[in-house]
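The values are calculated or read from the model by the stated rules, or taken from the named source; none is laboratory data. What you see is a predicted model; the values in this text were computed from it and never measured. Neighbour counts run over all protein chains shown; Cβ positions are idealised from the backbone, glycine included. Just so you know, the surface numbers come from the protein's heavy atoms only, side chains and all, with ligands and any DNA or RNA stripped out. Shrake-Rupley method; radii C 1.70, N 1.55, O 1.52, S 1.80 Å.
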Amino acid sequence: MRVVIAEDNVLLSSGVELLLAAKGIEVPEVAADGPGFVAAVRRHRPDVTIVDVRLPPTFRDEGIRAALEARRASPGLPILVLSQYVERVYARELLADGGGAVGYLLKDRVARVSEFVAALRTVAAGGTVMDPEVVAQLMSGRERRIDALTAREREVLTLMAQGRDNTDIGARLTITGSAVHKHIGNIFTKLGLPPEEGGHRRVLAVLAFLGSER
Amino acid sequence: MRERWTAVWRGLRYLLVNLVCGLATLPLLPFAALPAAAPGLRRWAAWNRRRAAALLGVPAPATGPGRWWGVEFALTGAVIGFAAFLAAGRVVAAPVWWLYPADRPLVLLAPVDGWGPALGFGAVALVLLVAGAPPVARGHARRTLAGPADLDRLTDRLTERVAELGESRAAVLDAHGAELRRIERDLHDGTQARLVALAIRLGVAREALGDRGPVADLLREAHEGAEDAMVELREVIRTMYPPILADRGLGGALAALGARCDVPVELRLDGTGELPAALEAAAYFIVAEALTNVAKHSRASQATVRVERAGGVLLVEVADDGVGGVDETRGTGVVGIRRRAAALDGALRVSSPHGGPTRLVVELPCAS
């Protein structure tokens with residue numbers, strides 16, 4: 001797997017490179033700003049990209065803009081955005097084109113090496129990965145509708161929104177695959193969503209519900 | 001000797017005119033508060049104060065009279081003037097005591113019935129007049145001029161000082177806000193980045209070493225400690241200066257707040273332009289707290305956030321169509337908003353009758 005990184009902080013980028021090297025993942029280029037990143041993507045055609053939200057020159061949200069621009073140039077380009085803090089408007093902007101292959105994580109999560117690499121692979125494979133904090137923010141904004149769900153169903157919903165599959169969810173909650181399947185069916189019914197879809201599309205359906213303007 | 005008599009005459013004349021003018025001022029006083037009367041009163045005061053200045057031989061004052069000038073002048077002018085009138089009257093009347101009818105004699109300190117008491121009382125009155133009139137007149141003239149002028153100088157100084165303090169306060173707040181923004185940057189891009197880099201290395205080391213043995217335990221503790229520190233750091237930054245404000249400005253940050261609220265929020269942001277960082281942060285936290293209240297208690301179906309800058313005031317309004325009855329004494333939301341507003345010399349108004357709607361308006365001064 002080949003990864004292009006957009007990160008201006010050398011300390012961080014060297015850390016991420018070190019981590020990826022330990023997992024046998026190749027990093028052909030680390031770009032220090034938005035335009036450099038877009039050019040690097042064109043040059044290397046990576047399997048997945050890692051982008052810091054704050055990049056030079058203003059250190060505001062250049063990373064998000066650069067990611068969206070690179071994605072317009074190469075539709076479907078998998079992007080994992082790392083941020084100092086998570087804000088659901090950023091999640092919504094990243095998810096807006098509905099193409100999947102998007103991740104949005106706090107920088108802290110990188111330190112959970114295996115989980116981070118798993119998330120990276122999910123995004124590379126076209127999946128959607130949302131930081132638990134984003135999911136929490138989305139859920140907290142929908143308390144009334146979410147109230148209809150049982151505690152267990154809420155746990156399942158949170159894990160689903162993070163992009164985990166049924167097997168993974170079952171393992172984490174120590175319940176069987178068929179129980180997971182039943183919970184998901186109930187969730188979709190209670191939230192009034194169309195019948196369950198597979199893969200990242202169901203994540204998108206859930207996130208779209210959570211993030212939708214009424 | 002002649003100068004002495006001139007001084008007495010001038011003092012006496014000043015005091016007698018004061019008697020007339022003071023009595024004339026008395027019935028005007030009730031109208032002094034009327035705006036229409038102000039110019040006339042100012043001219044009247046200026047004329048009297050020119051007389052006082054002429055008596056003292058000093059230039060007429062450049063500043064206007066004080067607020068209570070009319071009252072003071074009317075009362076002191078009339079009372080002192082009347083005393084001077086009495087004294088002068090006795091001096092004049094004493095030599096002609098014999099003109100009074102025998103059954104209603106001239107009364108000075110006692111009834112006058114011969115030249116002896118007449119000249120005696122007359123002399124006492126004359127001495128009082130000669131000795132008293134000039135210093136009393138000058139004293140009164142100084143008071144008429146100097147008192148109000150002092151007050152004016154004090155008022156001017158205070159006004160100036162208040163303006164200075166207002167400016168320096170705004171400058172301090174501005175610097176403080178900018179400093180918060182800088183610290184947020186430093187913490188996020190410096191300290192947090194270092195922590196993440198450290199945690200990554202610990203994570204890689206843990207994976208390489210496996211999870212057995214005393215070293216693995218130490219590594220795990222260090223790794224988890226670093227993660228806890230990152231969570232705490234993020235929380236500290238968030239309550240100090242919202243990072244979205246630095247990244248997206250007030251409009252973007254408020255839109256993010258609205259999107260996070262359970263109740264649909266309509267955002268109206270009118271020409272706020274460039275605002276001091278402290279003001280932006282205050283507006284952000286105020287809207288955040290207000291929207292939390294709306295989501296928690298109002299049962300509203302729609303909320304409106306309006307931020308507007310007009311005439312040196314930043315207006316922040318959060319309204320909803322909920323059940324109302326916001327009670328400031330219960331819960332900390334409104335109290336927190338009031339405190340934030342007060343810290344910036346602003347004010348909060350809450351209108352929330354039972355049954356709704358609720359309207360919360362914060363006005364924050366901002367130099368334009």
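When only residues in region B:211-232 that are more than 30 Å from B:Val265 (Cα to Cα) and aliphatic (A, V, I, L, M) count, which is nearest to the other protein chains (Cβ to nearest Cβ)?
Filtering first and then ranking leaves B:Met230.
If you check A:Arg121, A:Arg152, A:Arg201, A:Arg172, which single one turns out to be open to solvent by 30 Å² or more (accessible area, probe 1.4 Å), modelled with pLDDT under 70 and part of a helix (DSSP H, G or I)?
Matching residue, one of A:Arg121, A:Arg152, A:Arg201, A:Arg172: A:Arg201.
Give the residue that is surrounded by the most Cβ atoms within 10 Å (Cβ to Cβ), with candidates limited to residues of region A:107-118 that are more than 9 Å from every other protein chain (Cβ to nearest Cβ) and farther than 19 Å from B:Val231 by Cβ.
That would be A:Val117.
Of everything in region B:262-284 that's farther than 16 Å from B:Ala178 by Cα and modelled with pLDDT of 85 or more, which residue is nearest to the other protein chains (Cβ to nearest Cβ)?
B:Pro264
Of all residues in region B:236-256, which are within 10 Å of chain A (Cβ to nearest Cβ) and open to solvent by 20 Å² or more (accessible area, probe 1.4 Å)?
Hits for region B:236-256 are B:Arg238, B:Arg248, B:Gly252, B:Ala255.
So, A:Glu17, is that one acidic (Asp, Glu), within 14 Å of chain B (Cβ to nearest Cβ) and crowded, with 17+ Cβ neighbours inside 10 Å or not?
In short, yes.
Does B:Ala259 fit the bill of being open to solvent by less than 30 Å² (accessible area, probe 1.4 Å), more than 14 Å from every other protein chain (Cβ to nearest Cβ) and out of contact with any strand residue (DSSP E or B) (no Cβ under 7 Å at 6 or more places or on another chain)?
no
Condition test on A:Glu93, is it closer than 22 Å to B:Tyr241 by Cβ and touching a helix residue (DSSP H, G or I) at 6+ places or on another chain (Cβ under 8 Å)?
no
To keep it simple, each residue is scored yes or no on (1) open to solvent by less than 70 Å² (accessible area, probe 1.4 Å); (2) more than 24 Å from B:Ala131 (Cα to Cα); (3) at pLDDT 80 or above.
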site	(1), (2), (3)
B:Thr25	yes, yes, yes
B:Pro39	yes, yes, no
B:Ala83	yes, no, yes
B:Ala87	yes, no, yes
B:Arg90	no, no, yes
B:Leu99	no, yes, no
B:Ala102	no, yes, no
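For region B:328-339, check the following and say yes or no: at least one residue is of a type in the set (A, V, I, L, M, F, W, C) and under 20 Å from B:Arg248 (Cβ atoms).
no
Determine whether region B:145-153 contains at least one residue that is part of a helix (DSSP H, G or I), surrounded by 14 or more Cβ atoms within 10 Å (Cβ to Cβ) and touching a helix residue (DSSP H, G or I) at 6+ places or on another chain (Cβ under 7 Å).
Among the residues of region B:145-153, at least one is part of a helix (DSSP H, G or I), surrounded by 14 or more Cβ atoms within 10 Å (Cβ to Cβ) and touching a helix residue (DSSP H, G or I) at 6+ places or on another chain (Cβ under 7 Å), which makes the answer yes.
Could you please find all residues in region B:189-210 being more than 7 Å from chain A (Cβ to nearest Cβ), open to solvent by less than 60 Å² (accessible area, probe 1.4 Å) and charged (D, E, K, R)?
The answer is none; no residue qualifies.
Among the residues of region A:20-38, write down those that are surrounded by 15 or more Cβ atoms within 10 Å (Cβ to Cβ) and either facing chain B (nearest Cβ under 9 Å) or of a type in the set (A, V, I, L, M) (or both).
Within region A:20-38, A:Leu20, A:Ala22, A:Lys23, A:Ile25, A:Val27, A:Val30, A:Ala31, A:Ala32, A:Val38 qualify.
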